[in-house]
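Okay, so here's the structure we're looking at.
The values are calculated or read from the model by the stated rules, or taken from the named source; none is laboratory data. None of these values were measured; they are calculated from a predicted model. Positions of Cβ are backbone-derived with ideal geometry, glycine not excepted, and every protein chain shown enters the neighbour counts. For the accessible areas, the whole protein counts, side chains as well, though only heavy atoms, and no ligand, DNA or RNA atoms are used. Shrake-Rupley method; radii C 1.70, N 1.55, O 1.52, S 1.80 Å.
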Amino acid sequence: MSESQDLLSYPPIDPVNFDLIIVGTGLSESIVAAAASAAGKTILHLDPNSFYGSHFASLSFLDFTSYLTSPNPLPAAVTTTDSEDVVVDLLHQPICSDAEISCYDEYSFLCENSRKFNIDLGGPRALFSADRTVDLLLKSGAAQYLEFKGIDESFVYEPNGGLANVPDSRGAIFRDKKLSLKEKNQLMRFFKLVQQHLDDTQEEKISEEDMEIPFVSFLEKMKLPPKIKSILLYAIALVDYDQDSNEVCKDLLKTKDGIDCLAQYSSSVGRFPNAPGALLYPIYGEGELPQAFCRRAAVKGCIYVLRMPVVSLLMDKATGLYKGVRLASGQDLYSQQLILDPSFTIPSPLSLSPRDFPCERLQMWSQRDIKGMVARGICITRSSIKPAVTNCSVVYPPRSLYPEQMTSIKSLQIGPNLAVCPEGTFILYFSTLCNNADEGKNLLKAAMNALLTLPVSGNTESVSSVQSDSEDTKPIVLWSALYIQKLIVSNFELISSSSTPDGNLNYNDLLDAAEKLFRQMFPNEEFFPKVTTSPEEPTDEDDNGLTLDS
């Protein structure tokens, strides 16, 4: 039986009227689904894919390759003549493009172990132990469906080609052999000033005037050397653009925001006993996060249907307002409001009948708010970029790779102890903001070449033998993928759109966008009433309610 026949034979969904229909199970959509379900709303959550997570999913090796190279178009809309509504067919536009996949060696091994891989579509991603995402997981009850492990080390790439530790505590600063005694004292004095500013019992504060100036100017005022400035700006505050170049910097960080970033980083270090660093990563990949919120929503009554594309919108003939959706199965469903995955849009110009249909609202909604691009890269290797370190993050500050590098590059290495790859392999994620595909790919290739060996041919034996005499052997890449993803921000109407994965390492901006969307849709409802843990729930969690693997 063909896929279209399968869809047509799908049993009708009952009921047919909902407060909210959501298309796509990405992180933003899943958070809103869980929050709205907790508020007692009737929710139908659909996804055309066979997996949860949409653009935030973690996929097997073969599924990931297929996702990038073979985007699935929407099936043909079922035509009916008895509808009282105007039917507007949807258009599916993949948010990822310019995929470039290279396999250098061991392709048969990768295919045979395909399902042992959980490759993130939106990587690199991690959570700060003290950020709002962790707090939301605990507040919503979604944390009970997740297990995390701490990222072992955080590094910053230095122009001379080495990896320097990001100092995350007083002890780490003094143990760091790459910092001079003068640099250690300067960094300690600066951290002490920040701590005093954040401590309400201390009188010494950073002046209001200094809090409003660019953070880079404040660091210069504190007479911090370039190396320390680079660590604070790009490895701790995770700023994207070169803060020393006013011409190219699109987002100049203020001191008050920089202090908030330092406070979050400092609070994250050691928050959980089993995770001494600042960052956490979910076991089985980032795709577990949207699934956790979906499970929470399902407990509260949300209905889930996968493999069911929405092909059309149903609009009121007289007012032009949204009424419902048509499924690929031919069934019509109705709701007060709708959230669409950002890859869905409406063809423009519209070719609708009758002529007097008021289509201005739809024409406005069809213009997606694309804010830029992010280049993403993934490599699979047989060894770690740092001996004895399994999971780590790396930040390449602007100009650390070559003079024209105007944006920082974020990287994350994840090993087999997080159940995302087979034993003896590692996955490395890279990302950077860019203006076009060529610029983004060149940045990522430079970052990869700095720490990895990308064989010229499919045979890696010659590379391995040449490098075997070197102490600092670079890991050899078995497989790599580069692709460009559009940055689309959410918008709110009766038909709303969620956000794509952004270029940040953490989820804070995505969480803010999801909460804003929920409050616009349901202004009189609380965003996740606090959940009380029942005595029957598992008790093998740490004191903060988050399960961490040791």
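Using only the Cα atoms of the stretch 169-268, build the gyration tensor, take square roots of its eigenvalues as a ≥ b ≥ c, and label the shape rounded, prolate or oblate: rounded if a/c is under 1.5, else prolate if a/b is larger than b/c, else oblate. Kindly include the intermediate steps, with their values, before the conclusion.
On the way: a/c = 1.67, a/b = 1.13, b/c = 1.48.
Oblate is the answer for the stretch 169-268, as a/c is 1.5 or above yet b/c matches or exceeds a/b.
State, to one decimal in nm, how far the label point of Lys139 lies from the label point of Ser50, with both points 7 Å from Cα in the Cβ direction.
Between Lys139 and Ser50, the simple spin-label model gives 3.8 nm.
If you build the convex hull over the alpha carbons only and average its shadow over all orientations, what do you get for the stretch 248-338? Give it in nm² to one decimal. Let's see the in-between values first.
Details: hull surface 49.6 nm².
Computing the convex hull of the Cα atoms and averaging its projections yields 12.4 nm².
If you plug each phi of the stretch 475-489 into the Karplus form 6.51 cos²θ - 1.76 cosθ + 1.60 with θ = phi - 60°, what whole-Hz ³J(HN,Hα) values come out, in order, with x for Gly and Pro?
x, 8, 7, 8, 7, 9, 9, 10, 7, 10, 10, 6, 9, 10, 8
Near Lys474, which lysines are there with a Cα under 18 Å away, not counting those fewer than 8 places off in the same chain?
Within reach: Lys386, Lys445.
Can you send over the carbon and sulfur percentage of the accessible area for the stretch 169-268, probe radius 1.4 Å, protein chains only? Provide the component values of the computation, followed by the final result.
Details: 2720 of 5600 Å².
Carbon and sulfur together cover 49 percent of it.
In nanometres, what is the gap between the two model label sites at Leu321 and Asn508, each 7 Å from Cα along Cα-to-Cβ?
In this crude spin-label approximation the distance works out to 3.9 nm.
Between the DSSP loop rule and a limit of at most 11 other Cβ atoms within 10 Å, which GluC sites (Glu not before Pro) in the stretch 188-281 are left?
Filter output for the stretch 188-281: Glu203, Glu204, Glu247.
Hey, any idea what % of the stretch 386-457's accessible area is carbon plus sulfur with a 1.4 Å probe?
On the stretch 386-457, the fraction of accessible area on carbon and sulfur atoms equals 53 percent.
List the residues whose amide H sits under 5 Å from the amide H of Ala130, counting only those 5 or more places along or on another chain, with H placed 1.01 Å from N in the peptide plane.
Ser268
Would you please give the FRET efficiency between Asp260 and Lys371, computed as 1/(1 + (r/R0)^6) with r the Cβ-Cβ distance and R0 = 25 Å, to the nearest 0.05?
Numbers: r = 22 Å, r/R0 = 0.89.
Working from the Cβ atoms, E equals 0.65.
Lys182: which lysines have alpha carbons under 16 Å from its alpha carbon, excluding same-chain residues fewer than 8 sequence positions away?
Filter leaves Lys192, Lys223, Lys227, Lys229.
Considering only protein heavy atoms, with the full assembly of protein chains and a 1.4 angstrom probe, order Lys445, Lys317 by accessible area, largest first.
These residues rank, largest area first, as Lys317, Lys445.
Give me the 1.4 Å probe accessible area per residue for the stretch 158-292, excluding ligands and nucleic acids, in Å².
Each residue of the stretch 158-292 exposes 50 Å² on average to a 1.4 Å probe.
5 Å is the cut-off here: which amide hydrogens, built 1.01 Å from N in the peptide plane, fall below it relative to Phe18, excluding neighbours closer than 5 in sequence?
Long-range HN contacts for Phe18: Tyr334, Ser335, Gln336.
Which lysines, if any, have their Cα less than 16 Å from the Cα of Lys139, not counting same-chain residues under 8 positions apart?
Lys300, Lys530
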